[in-house]
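Here, each number is a calculation from the coordinates, and none is a lab measurement. Quick caveat, the model's predicted, so the values are computed rather than measured. With ideal geometry, Cβ positions are generated from the backbone for all residues, glycine too; neighbour counts draw on all protein chains shown.
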C-alpha cells in the first residue's frame, strides 16, 4: 500500500460522515436510544440507522448496551462512549481563546515563555504514545497520521535545495494563531520534541504563505524520500 493510501485510510477511519453526526447529536441529547428510536427521530429505515451505528461503533464513538426489562430478550440500546462525548462537545474555541488571552497578558517574557514551553511539553505527553517510530522517518509518518486523523494534513518533502521540510497545510489553531505568533513557537517546540529534530519555521501562513513550513536538520546524509 502506498504512503498516500495509508494516510487516506487513516483519515477516513477518523472521519465522521455528516449523516452520522445526526446520530451523535441525538445520543448527546438522550442518554441511550434504540435503533427504532433513532429511525423514528431521523425518519429513515432501521437498516440505514444500523449502518450508521456500525460505522460509529467502529470508530469508537458509540457503544451498544443490553437493557432487560422483565422476561424476554433484552433490548439493545446505543449510547455515546467517552470518545463520542468528547466529539460532540469538543467546541473548546471560546475557552482556548480566553486562556490564551490570559497567557498573552503575562508581562514577564521569561514567565510567558516558560508557560508556553510547559504547554508544549504537555501536548507532547498527550501525543507521545502515538509516535512509535524508532527513527526520524518513522516518527514523521506517525506524526502525519496523528494529525491527518485530526483533519490537519501534513506533508513531508525536500525543498529546492534538497533540505527535508515539513509542510502544515492547515493551521491546527487558526483562531489563536491570528492573535499571537507565540502559538507558532508552541507548535514548533511540540513537533521538534515529538520528532527529536531541531526545527525552524521558514514559511508561515500568517505572512501570506500557502502553508507553514518547518525546516529541520537532515535525518541522514542521504535523505530518503518519505
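Structural remarks
- Mean residue ellipticity at 222 nm, helices only, the chain: -16000 deg cm²/dmol; runs of at least 4 DSSP H residues each add -39,500 (n - 2.57), and the sum is divided by the number of residues.
- Taking a point 7 Å from the Cα of residue 81 along the Cα-to-Cβ direction, the residues of the stretch 47-63 with backbone N closer than 19 Å to it are 50-63.
- nm² value of the averaged projected area, convex hull over the Cα atoms of the stretch 16-88: 4.7
- Difference of contour (0.36 nm per residue) and Cα-Cα distance, residue 19 to residue 151: 45.7 nm
- When only alpha carbons are used to place a centre, the stretch 160-198 and the stretch 21-92 end up 38 Å from one another.
- Shape annotation for the stretch 93-216: C-alpha extents along the principal axes are 40, 33, 27 Å, from largest to smallest.
- Sequence of 200, 213 once ranked by neighbouring C-beta atoms within 10 Å, starting from the fewest: 200, 213
- Each of 118, 50 was scored by other Cβ atoms within 10 Å of its Cβ. Arranged with the fewest first, they read 118, 50.
- According to the Cα-based calculation, Rg over Rh for the chain is 1.07, with Rh computed by the Kirkwood formula.
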